[in-house]
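Chemist: Attaching a single structure in structure tokens format; questions to follow.
Since every read-out is calculated from the coordinates, none of them should be taken as a lab result. Being a predicted model, the structure only gives us computed values, none of them experimental. Quick reminder, even Gly has a Cβ in these numbers, built from the backbone with ideal geometry, and neighbours come from all protein chains shown.
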Amino acid sequence: MDRFFENLENIVSVICKIFVFIASLMMAALVVIVCIDLALRYFFNAPLLWGTEVTEIFLLYITFLGTAWVFKEDGHVVVDVFTGQAKGRGKKGLMVFSYLLIAIVSAVLIYYGFYATYDHHRRGVFNPTILETPIALIIMIIPIGSIPLFLEVLIKGWKLLRH
């Protein structure tokens, strides 16, 4: 079983690196789009018509592409009122409970995210804006980004229980 989780950890690590690279490119593009939109709006009173929509989509994608990596690196914001005071088995129990909640939330996001994505794709629902982006393309990142988060929770939970 240890070998399985080691292999899983390597796979998830590669996925996280790819996702963070893509999110970094999106962040750079986001900065460029906002700067160009701001300059065009200020100097020529002619903003990019699609700038706000692309910015919103990129922000959603950046969030879900980075969640597993942030969790892996313990970079998320936490309120450690209870875990900071707990020691030994109590702290371990609180962490297991926390991981369990994160696993449940990510599993729900995966299940309902794929369901909603498929449903929107099947019905051909699109965003009624200038780009008319299919909603399925917008929301598909939610389950896709939640898969490595779920796997990372399993890996960290396994490590916690093994030690």
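Chemist: Sort Val34, Val81 by Cβ crowding within 10 Å, fewest neighbours at the top. Mind showing how you got there, number by number?
Modeler: Working: Val34 16, Val81 8.
Fewest-to-most Cβ neighbours within 10 Å comes out as Val81, Val34.
Chemist: Let me ask another. Ignoring everything except DSSP H segments at least 4 long, calculate the 222 nm mean residue ellipticity for the chain; use -39,500 (n - 2.57) per segment, divide by total residues, nearest 500.
Modeler: Details: 6 runs with 132 residues, N = 163.
Rounded to the nearest 500, it is -28500 deg cm²/dmol.
Chemist: Please list, by residue number, everything in segment 15-30 whose backbone N is under 16 Å from a paramagnetic label point 7 Å out along Cα→Cβ of Arg41.
Modeler: Correct set: 30.
Chemist: Could you tell me what fraction of 2.2 N^0.38 Å the Cα radius of gyration of the chain comes to, as a two-decimal ratio?
Modeler: Numbers: Rg = 19.5 Å, N = 163, 2.2 N^0.38 = 15.2 Å.
So the Cα radius of gyration is 1.28 times the expected 2.2 N^0.38 Å.
Chemist: In debye, nearest 20, what is the charge dipole magnitude of segment 23-163 about its Cα centre with +1 on Lys and Arg Cβ and -1 on Asp and Glu Cβ, if you could check? Let's see the in-between values first.
Modeler: Details: 11 positive and 9 negative charges, 173 e Å.
That gives segment 23-163 a dipole magnitude of about 840 debye.
Chemist: Moving to a separate point now. Relative to the longest principal axis of the chain, what angle (0 to 90°, nearest 10) does the C-alpha long axis of helix 51-72 take?
Modeler: 10 degrees
Chemist: Right, something else. Using a Gaussian network model of the chain whose springs link C-alpha atoms within less than 10 Å, name the residue from Asp80, Asp37, Asp119 with the highest mean-square fluctuation.
Modeler: Among Asp80, Asp37, Asp119, the largest mean-square fluctuation in the Gaussian network model of the chain belongs to Asp80.
Chemist: Calculate one ³J(HN,Hα) per residue across segment 126-133 by plugging θ = phi - 60° into the Karplus curve 6.51 cos²θ - 1.76 cosθ + 1.60, and present them in order as whole Hz with x for glycine and proline.
Modeler: Those phi angles translate into 10, 7, x, 10, 4, 7, 6, 6 Hz.
Chemist: Compute the Rg/Rh shape ratio of segment 5-87: radius of gyration over Kirkwood radius, all on alpha-carbon atoms. Each step should come with its number before you reach the end.
Modeler: Values: Rg = 18.4 Å, Rh = 15.4 Å.
When Rh is taken as the Kirkwood radius, the ratio is 1.20.
Chemist: Here's something else I'd like to know. Considering only C-alpha atoms, what is the centroid distance from segment 107-163 to segment 23-47, in Å?
Modeler: Taking the Cα centre of segment 23-47 as reference, the centre of segment 107-163 is 27 Å away.
Chemist: Further question on the same structure: To test your reading of the geometry: what angle, between 0 and 90 degrees and rounded to tens, separates the Cα axis of helix 2-44 from the longest principal axis of the chain?
Modeler: 30 degrees
Chemist: Calculate log10 I(q)/I(0) of segment 94-163 for q = 0.17, 0.27 Å⁻¹, where I(q) comes from the Debye formula with a single equal point scatterer on each Cα and nothing for solvent.
Modeler: -0.65, -1.06
Chemist: Could you list Trp158, Trp50 in order of exposure, starting from the residue whose Cβ has the fewest other Cβ atoms within 10 Å? Intermediate values should be presented prior to the final figure.
Modeler: Details: Trp158 18, Trp50 14.
Neighbour counts put them in this order, fewest first: Trp50, Trp158.
Chemist: Any chance you could tell me what percent of the C-alpha pair distances in segment 74-125 go past 18 Å? Working shown, then result.
Modeler: Values: 696 of 1326 pairs.
More than 18 Å apart: 52 percent of the Cα pairs in segment 74-125.
Chemist: If you line up the long axis of helix 141-162 against the longest principal axis of the chain, both from Cα atoms, how many degrees apart are they, to the nearest 10?
Modeler: Value to nearest ten degrees: 20.
Chemist: Turning to a different aspect of this structure: Let me check against my output: what whole-number percent is the relative contact order of the chain, with C-alpha pairs under 8 Å and at least 6 apart? Walk me through the intermediate numbers first.
Modeler: Numbers: 140 pairs, mean separation 48.9, N = 163.
Relative contact order here is 30 percent.
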